[in-house]
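S.K.: Before I ask anything, here is the structure I am working with.
The values are calculated or read from the model by the stated rules, or taken from the named source; none is laboratory data. Remember, predicted model here, so these are calculated numbers, not experimental data. Note that each Cβ is placed from the backbone with ideal geometry, even for glycine, and that neighbours are counted across all protein chains shown.
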Amino acid sequence: MIRYRLAEGVTLHENGNLAVRRPARIIRLTPGGVKVLRQICGDGLGPELQGGKAAAFAAWLEEQGLLEKIFPTLPEELLPFVSVVVPTRNRQDVLVSCVESLLDVDYPADKLEIIVVDDASDPPVALEGYRRRVKSIRLDENRGPGAARNEAAKLARGEIIAFIDDDCLAGRGWLKDLVPCFQYRDVAAAGGMVEPAGLTRLLEKYERCQSPLSMGKVQRKAAKNTAVSYLPACNLLVRKDLFAAAGGFDPALRVGEDVDLCWRLLEKGGQIYYIPGGAVYHRHRAGLLPFLKRRYDYGRSEALLRKKHPQDKKKHVCFPGSGFVLAAALAWFLAGAPAALAALSGLAALNLFLQSFCRFKGIRRAGGALGFGGVLKAAARSQGAAVYLCSRRFARYRSIPALAASLLVFPGLAPFFLAFHMLPGFVDFVLKKPGLNLFCFVFYHTLEDFAYQAGVIAGINISKLSNNIKKFQKEDPGNGIERTQPVKGPH
């Protein structure tokens, strides 16, 4: 039996309308749709309904973020055998803390094994005091975390493999919170929240809300090009047979190997769930340079992943009228353009009013009770979100060449481009309330985006260079090595 519940902020009214709080909208359901929705949120989908239209309808609602699948707690006798895998290299002190946290996890000892993979540490890791409960594998040469995890997976006895990094601490309920996902056979992987292990430094407070390892506080079903498109390998449970069928981690990827694995699992039809409760606690990089280096590596990995998965294009949202807002901002930065600023601002306001009025009339026809003021506020939020997403993309992928070109050709545009690059930092500060001052947050945010973008640019150029070398070697039978015959002189 598969059961669902309405997601937070979603309400089913008596007239059959689904009211969604953010973004504010009304979804009209047919009487048959209302009946099916009440069924799947009540008694659930039995075996006789799991392959039909009701199941497809439930899947669509879940993909839209309107439903959440319920994963009932499993009794201890039904818990599966789990193999926990910890790759490590030259981090003896944090590894010991990680192992001790794993030994304290609330899970039956006879259904749990811990495998530590020493990726050619110098000196080798020492776990003499934990030999009874911890298996250890040592690789003769450094092959990267992906390859290390693959070696442990080959020896794992569990039907579920739980991956965690050596700089993480497992919460006591880590496994019991995530394992229930696997009672559904189509679930290939699951993961939980990654919280910072400390909050004493400013950078740790920033990482708490901005780390790419953090997926939020709401249960989500992973899908490409959405808010949760993958789960990080520091908190990832995978069904062993599906992990093997997908080929495991790509050992050629030192960063982004978890994204690649999740995408391949999704391509094979597996489902991946993010469950906030299954938390681990990560020791984030406290130094600014290591922090920026890691973001640079993430950027490089994205370029390589897009090359490996070229069919996956990012979707970009554009709200009608957002172009007027951007044009008005540009006019404000350009000297001597107050008339253009006033005209474009007026067009943006008029567009917002007309869009809101049309939405308001549609909501009233559908029987909704939301007033015009609420509709106007929701439309303004949507338009602001479109501007934010545009600036977010600019800060991640376009600001460096734009700033360089403006400084060379039109220096007057440079302040606009810099401000547009920094805009996401101000918005995120207001929305996320990070617990540190505005200057520090925007400073870290701005540098992070520059570092990530530099990595993307480097990754693209490296990919192009690699392609050119391969093309050259393919076309040249001598693999680029010129061979000449010695010239014989006259006898």
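S.K.: Just to be sure, is Arg295 at pLDDT 90 or above and crowded, with 17+ Cβ neighbours inside 10 Å?
M.R.: It is true that Arg295 is at pLDDT 90 or above and crowded, with 17+ Cβ neighbours inside 10 Å.
S.K.: When you check Gly256 against the structure, is it under 26 Å from Thr446 (Cβ atoms), at pLDDT below 90 and of a type outside the set (S, T, N, Q), yes or no?
M.R.: When the stated conditions are applied, Gly256 does not pass them.
S.K.: So how many residues does the range 437-452 have that are closer than 16 Å to Arg208 by Cβ and surrounded by 18 or more Cβ atoms within 10 Å (Cβ to Cβ)?
M.R.: So the count comes out to 4.
S.K.: Kindly provide the set of residues from the range 30-52 that are loosely packed, with under 12 Cβ neighbours inside 10 Å and at pLDDT below 80, ordered by number.
M.R.: Of everything in the range 30-52, those that are loosely packed, with under 12 Cβ neighbours inside 10 Å and at pLDDT below 80 turn out to be Asp43, Gly46, Pro47, Glu48, Gly51, Gly52.
S.K.: Here's a follow-up. Checking the structure you have, find out if any residue of the range 229-250 is farther than 29 Å from Asp118 by Cβ and of a type outside the set (Phe, Trp, Tyr).
M.R.: Yes, that holds for at least one residue.
S.K.: Please determine whether any residue of the range 117-138 is buried (at least 21 other Cβ atoms within 10 Å of the Cβ), touching a residue at least 40 places away in the same chain (Cβ under 8 Å), more than 30 Å from Ile70 (Cα to Cα) and of a type in the set (A, V, I, L, M).
M.R.: no
S.K.: Could you tell me whether Ala414 is within 30 Å of Leu18 (Cβ to Cβ) and touching a helix residue (DSSP H, G or I) at 6+ places or on another chain (Cβ under 8 Å)?
M.R.: It is false that Ala414 is within 30 Å of Leu18 (Cβ to Cβ) and touching a helix residue (DSSP H, G or I) at 6+ places or on another chain (Cβ under 8 Å).
S.K.: Find the residue count for the range 336-348, including only residues that are surrounded by 15 or more Cβ atoms within 10 Å (Cβ to Cβ), of a type outside the set (Ser, Thr, Tyr) and modelled with pLDDT of 65 or more.
M.R.: Total meeting the criteria: 3.
S.K.: Show the residue pairs meeting these rules: Cβ distance below 6 Å; 6+ apart or different chains; first residue within the range 385-414 and within 22 Å of Phe426 (Cα to Cα) and not assigned by TED's automatic domain parsing to the domain that holds Arg22; second residue surrounded by 14 or more Cβ atoms within 10 Å (Cβ to Cβ) and of a type in the set (Val, Ile, Thr).
M.R.: Going by the 6 Å Cβ cut-off, the qualifying pairs are Val387/Val325; Tyr388/Val427.
S.K.: Moving on to the next point. Which condition breaks for Lys176 when tested against (1) modelled with pLDDT of 95 or more; (2) part of a loop (DSSP other than H, G, I, E, B); (3) of a type outside the set (A, V, I, L, M, F, W, C)?
M.R.: Unmet for Lys176, out of (1) modelled with pLDDT of 95 or more; (2) part of a loop (DSSP other than H, G, I, E, B); (3) of a type outside the set (A, V, I, L, M, F, W, C): (2).
S.K.: Inside the range 425-465, can you point out the residues that are under 20 Å from Val255 (Cα atoms) and either of a type in the set (Lys, Arg) or not in a helix (DSSP H, G or I) (or both)?
M.R.: Listed by number, the list holds a single entry, Lys464.
S.K.: Among the helices (runs of 4 or more DSSP H) contained in the range 1-113, which hold 2 or more residues that are in the same structural domain as Asp177 (by TED's automatic domain parsing)?
M.R.: Output list reads 92-103.
S.K.: Would a scan of the range 364-380 turn up a residue that is within 26 Å of the chain's Cα centre (by Cα) and surrounded by fewer than 17 Cβ atoms within 10 Å (Cβ to Cβ)?
M.R.: No; the residues of the range 364-380 include none that is within 26 Å of the chain's Cα centre (by Cα) and surrounded by fewer than 17 Cβ atoms within 10 Å (Cβ to Cβ).
S.K.: Which residue, of Pro72, Pro80, is closer than 30 Å to Phe163 by Cα, touching a strand residue (DSSP E or B) at 6+ places or on another chain (Cβ under 6 Å) and surrounded by fewer than 19 Cβ atoms within 10 Å (Cβ to Cβ)?
M.R.: Answer to the check: Pro80.
S.K.: Count, please, the residues in the range 292-310 that happen to be in contact with an Asp or Glu (Cβ under 9 Å, 6 or more places away or on another chain) and either of a type in the set (Ser, Thr, Tyr) or under 12 Å from Phe450 (Cα atoms) (or both).
M.R.: Of the residues in that region, 3 qualify.
S.K.: Does the range 105-143 hold any residues that are under 20 Å from Arg91 (Cβ atoms) and of a type in the set (Gly, Ala, Ser), and which are they?
M.R.: Correct list: Ala120, Ser121, Ala126, Gly129, Ser136.
To keep it simple, each residue is scored yes or no on (1) buried (at least 22 other Cβ atoms within 10 Å of the Cβ); (2) at pLDDT 90 or above; (3) assigned by TED's automatic domain parsing to the domain that holds Leu231.
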residue: Tyr184; (1), (2), (3): no, yes, yes
residue: Gly192; (1), (2), (3): yes, yes, yes
residue: Ala197; (1), (2), (3): no, no, yes
residue: Leu202; (1), (2), (3): no, no, yes
residue: Arg208; (1), (2), (3): no, no, yes
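S.K.: Could I ask something else about it? Which residue out of Ala386, Ala404, Ala369 is farther than 23 Å from Ile457 by Cα and modelled with pLDDT of 75 or more?
M.R.: From the options Ala386, Ala404, Ala369, the qualifying one is Ala386.
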